[in-house]
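Here's the structure, in structure tokens; my notes come after.
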Amino acid sequence: MAHNHSLPNRRTAAESYLRIGFLVHDVSRMRRTLFDQAVKPLGITRAQWWALANLSRQEPEGMIQSDLARLLDVGKVSMGGLIDRLEASGLVERRADPVDRRIKRVFITDRGYELIEKMRSVGRDLTVLILKGIPLDEVHVAEEVLHRMKDNLREQLGPTRSTAETDAE
């Protein structure tokens with residue numbers, strides 16, 4: 001009679017190793033959800049704060065709407081509506097490109113920067129909560145591992161897709 005020696009709740013190293021993708025996704029999703037809840041009183045949606053955050057990394061040149069759409073992985077029409085709403089709220093403005101007047105660049109307004117500073121404050125507070133009880137040296141190790149993972153992903157994605165992710169840092 002053969003005996004089954006495997007334990008029902010025991011994970012092998014390989015299974016644990018493969019869970020990291022799920023953990024990264026879950027942590028990211030949960031953080032976005034918590035951030036959404038925290039900025040709700042500011043009257044901004046996830047799509048709007050994500051667009052503003054990415055635009056803030058492109059200053060002082062502003063950004064062409066189609067490039068922002070590609071960076072955020074949304075359609076040009078969806079991005080146009082999103083920029084329309086941000087512009088109507090006074091958070092961004094469109095200006096003609098200095099080289100090609102047919103192209104409009106999107107810039108954050110002073111009011112937009114005030115909102116971004118509030119969002120950054122919320123982000124800092126969330127980071128304190130998220131890292132509660134985790135020693136700083138472990139945080140540094142986690143950051144290093146995530147940077148290496150990101151580099152490996154960039155290498156696999158190639159220059160056409162990974163440029164947008166690089167620009168967003």
Quick one: G90 ticks every box in (1) out of contact with any Leu (no Cβ under 8 Å at 6 or more places or on another chain); (2) modelled with pLDDT under 95 bar one, so which box is it?
(2)
In segment 51-64, what residues are surrounded by fewer than 18 Cβ atoms within 10 Å (Cβ to Cβ) and either among the hydrophobic types (A, V, I, L, M, F, W, C) or touching a residue at least 40 places away in the same chain (Cβ under 8 Å) (or both)?
A53, N54, S56, R57, E59, E61, I64
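Let's see how each residue does on (1) acidic (D, E); (2) more than 11 Å from A51 (Cβ to Cβ):
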| residue | (1), (2) |
| --- | --- |
| Q65 | no, no |
| K76 | no, yes |
| L82 | no, no |
| R94 | no, yes |
| D97 | yes, yes |
| I108 | no, no |
| E114 | yes, yes |
| K118 | no, yes |
| V128 | no, yes |
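The values are calculated or read from the model by the stated rules, or taken from the named source; none is laboratory data. If you're wondering where the values come from, they're calculated on a predicted model, not measured in any experiment. Every residue, glycine as well, gets a Cβ built from its backbone with ideal geometry; the counts of neighbours run over all protein chains shown.
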